[in-house]
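Notes for the one structure printed next.
The values are calculated or read from the model by the stated rules, or taken from the named source; none is laboratory data. Since we're looking at a predicted model, the values are computed, not measured. Virtual Cβ from ideal backbone geometry, glycine too; neighbours counted across all protein chains shown. Just the protein is used for accessible areas: all its heavy atoms, side chains included, with ligands, DNA and RNA removed. Shrake-Rupley method; radii C 1.70, N 1.55, O 1.52, S 1.80 Å.
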Amino acid sequence: MRRLKIAASAVLIAVLVNAPALRADPVESPSAAVIRQVLDDQATAWNRGDVDAFMRAYKDSPDTTFIGKSIAQGYQPILERYKKTYSSKEAMGTLDCSDLTVRELGANYAVVTGRFHLTRTAAGGGDGSGIFSLVWEKTAEGWKIILDHTSATTP
């Protein structure tokens, strides 16, 4: 009987120690919630055809980097690339992001990974989708993207 009580106590302790890992809906940090809101704001801007507002999530710095089919260095070249590639609302289509994961790298940096899907007409270039990773920096202006690596998985 004593062994059974010891075994039952050990199981209870193991369950209690691991309870946070078993939580169905983990609590997100305030920084992760802010970053997710910035991403939501970006999608809203994109979906109304506003590239300038979409770009507000990026740090206005010559060091900000976009990696896709080529590498663009600096806020202004990245903005120009977006405006050239997505020159109309039809070419921009409707942006939807999914499978987002926010991982903080200390107090001032974070990495976000996820998937994107663009719904577009054939004239706008057809649907497109892919994956991305974003490195974020906490600045005086808020959380900003300093590196964007986006890869299309469909044209």
Review point. Which pairs do you get when a residue that is under 20 Å from SER61 (Cα atoms), found in the stretch 76-89, comes within reach of a residue that is part of a helix (DSSP H, G or I) and modelled with pLDDT of 95 or more, reach meaning Cβ atoms under 6 angstrom, with the pair 6+ apart or on two chains?
Key: LEU79/MET55; TYR82/VAL51; LYS83/VAL51
Point to revise | Residue list for the stretch 107-120, filter: within 26 Å of PRO30 (Cβ to Cβ) and either of a type outside the set (A, V, I, L, M, F, W, C) or open to solvent by 40 Å² or more (accessible area, probe 1.4 Å) (or both) | key: ALA107, ASN108, TYR109, THR113, GLY114, ARG115
Review point. Just for the stretch 97-118: of the residues that are in contact with a Leu (Cβ under 8 Å, 6 or more places away or on another chain) and not aromatic (Phe, Trp, Tyr), which one is nearest to ARG48 (Cα to Cα)?
Key: LEU118
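Could you run through the stretch 36-52 and say how many residues are open to solvent by 30 Å² or more (accessible area, probe 1.4 Å) and part of a helix (DSSP H, G or I)? Before you say what the answer is, go through the steps one by one.
The initial filter retains those residues of the stretch 36-52 that are open to solvent by 30 Å² or more (accessible area, probe 1.4 Å), namely 36-38, 40-41, 44, 47-50, 52.
Narrowing the set further to residues that are part of a helix (DSSP H, G or I) leaves 36-38, 40-41, 44, 47, 52.
Matching residues across the stretch 36-52 total 8.
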Exercise for review: Can you tell me which residue within the stretch 54-89, out of those that are farther than 12 Å from LYS144 by Cβ and in a loop (DSSP other than H, G, I, E, B), is least open to solvent (accessible area, probe 1.4 Å)?
Suggested key: GLY74
Practice item. Report yes if some residue within the stretch 104-118 is among the basic types (Lys, Arg), farther than 21 Å from LYS59 by Cα and not in a strand (DSSP E or B); otherwise report no. Key: no
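Considering only the stretch 96-106, state which residues are in contact (Cβ under 8 Å) with a residue 40 or more places away in the chain and either among the polar types (S, T, N, Q) or surrounded by fewer than 18 Cβ atoms within 10 Å (Cβ to Cβ) (or both). Spell out how you get there, then give the answer.
Of all residues in the stretch 96-106, those in contact (Cβ under 8 Å) with a residue 40 or more places away in the chain come to 96-97, 100, 102, 104.
Across the stretch 96-106, the qualifying residues are ASP96, CYS97, LEU100, GLU104.
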